[in-house]
Amino acid sequence: MTWRMTLQPFTILVLAGIIFVSPTSAASGDASENDHGNTSNSTAEVHETHSHHHPHETLVFLFGAIVLGTAMIHLTSHPWLQGLPTTVVIFVLGIILALIAESGFWDESGMLIRSYNSWVAIDPHLLLFAFLPPLLMGDAMAIDTHVAKKTAFQCLILAGPGVVMGSFATAAVLYGMLPYGWDFSLSLTVGSILAATDPVAVVSLLKDLGASPVLTMQIQGESLLNDGTAIVLFTIAYEVVSGKATGVAYVIGFLAKSTLGASLVGILIGEFFFQWIRLANDKLNHSSSIIQICLTFAVAYWSFLFSEGVLHMSGVLSTVSSSLVLAHKVWPVLVSQHSMHDIWHVVETVGNVLVFFLGGVLTGKQLPRRPAEEYGWVFAVFILMV
């Protein structure tokens, strides 16, 4: 999908389109004492109701971000604005929104600020389980598996040893450069987080320039697999930092379980749902296409939930494996390939908009709280990584 845009002040448009809820007051000096008391009680109740967060207010941030992202994507359809990365601009707009919110510019009792606070406080595991499966499935469904077979070895080398080497190299830089007294295990934990790249804009640019499908697939395939490697490495490094037993036997067993075991579970789940999808390929039944699309969502979430939440394996590798099974087998048996492609294109677009915007918001929330010298260290690490 194409992720390119320009930086425009559309934050103002989004903010202007959201209704703020402010406490209301009412009193009547001409009413009787009892009426005045009733009015005061009603006013207090209204004030209390409006000052409390309501669950539905969470949707304000959600659909505000979607509108903002959609506006950015629409702008990139203009020939003059096709060279800027959409995800970067959305991330920057998220930072700007957070800086405005943290400055106290908005009324704390407003609906927007309450919705903002609910998303800032979102549970990290909920964020991972909600957004990662459809993003992985969307990427996998767009892969040409015939080209992927030719580049599988290169993708595995880049996403396996390549990510590990990059993580250790980044950890060495952090360990030797930063003045925080981090040990190497903590540096490796951060290095594993920074090792997983997401070359969305690069893949889009390569497709637009007519680059070799093999080169495009190498980058796209590596980006699909590197998340699994980075998460496994992060888990091991984090457990070392936490002081858990991490001997050689434990590490080998954990790697086997998280990679081979998770991949096997994903293949089995993908094969099961593929057989179900194949049974629902009656082109004379208008429900067949809906059933098939719903089952692909089930594959994405069940492979991740079952592996990560139940078996404590790598949900990323399990989801990627099940998604690749469908990407390789499912297209000939689909009732409507066009509908399947459009649905997952929309899901991937919305997911990326929300993830990058929320990432910008969480980053912007921390910026005012950091001392000035830390900005210099961040910039230095960024330059060295590039």
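The values are calculated or read from the model by the stated rules, or taken from the named source; none is laboratory data. All of these numbers come straight from a predicted model, not from anything done at the bench. Cβ placement follows ideal geometry from the backbone for every residue including glycine, while neighbour counts extend to all protein chains displayed. Please note that ligands, DNA and RNA were not included when accessible areas were found on the heavy atoms of the full protein model with its side chains. Shrake-Rupley method; radii C 1.70, N 1.55, O 1.52, S 1.80 Å.
Structure above, values below:
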item	result
Selected residue (criterion: farthest from ASN117 (Cα to Cα)) from residues of segment 60-77 that are open to solvent by 40 Å² or more (accessible area, probe 1.4 Å) and modelled with pLDDT under 90	SER77
Cβ pairs under 9 Å, 6+ apart, first in segment 210-230 and within 13 Å of VAL164 (Cβ to Cβ) and among the hydrophobic types (A, V, I, L, M, F, W, C), second part of a helix (DSSP H, G or I) and open to solvent by 40 Å² or more (accessible area, probe 1.4 Å)	LEU225/LEU156; LEU225/LEU158; ALA230/ILE193; ALA230/LEU194
Scope segment 320-332; condition surrounded by 14 or more Cβ atoms within 10 Å (Cβ to Cβ) and either out of contact with any Gly (no Cβ under 8 Å at 6 or more places or on another chain) or among the hydrophobic types (A, V, I, L, M, F, W, C) (or both); matching residues	VAL320, LEU324, VAL325, LEU326, ALA327, HIS328, LYS329, VAL330
Output for segment 281-340, where each listed residue is part of a helix (DSSP H, G or I) and of a type in the set (Asp, Glu)	GLU308
Residue pairs meeting the criteria (Cβ under 8 Å; at least 6 apart or on separate chains; first touching a residue at least 60 places away in the same chain (Cβ under 8 Å) and under 18 Å from PHE274 (Cα atoms), in segment 299-324; second assigned to a loop (DSSP other than H, G, I, E, B) and open to solvent by 10 Å² or more (accessible area, probe 1.4 Å))	LEU324/ILE143
Considering residues of segment 299-319 that are among the hydrophobic types (A, V, I, L, M, F, W, C) and open to solvent by less than 10 Å² (accessible area, probe 1.4 Å) only, the residue modelled with the lowest pLDDT	VAL316
Qualifying residue in segment 257-267 (condition: more than 28 Å from GLY162 (Cα to Cα) and of a type in the set (A, V, I, L, M))	no
Scan of segment 184-198 for residues that are over 30 Å from VAL214 (Cα atoms), open to solvent by 50 Å² or more (accessible area, probe 1.4 Å) and in contact (Cβ under 8 Å) with a residue 24 or more places away in the chain, ordered by number	LEU186
Considering residues of segment 288-298 that are without any contact (Cβ under 8 Å) to a residue 24 or more places away in the chain and open to solvent by 40 Å² or more (accessible area, probe 1.4 Å) only, the residue nearest to ILE231 (Cα to Cα)	CYS294
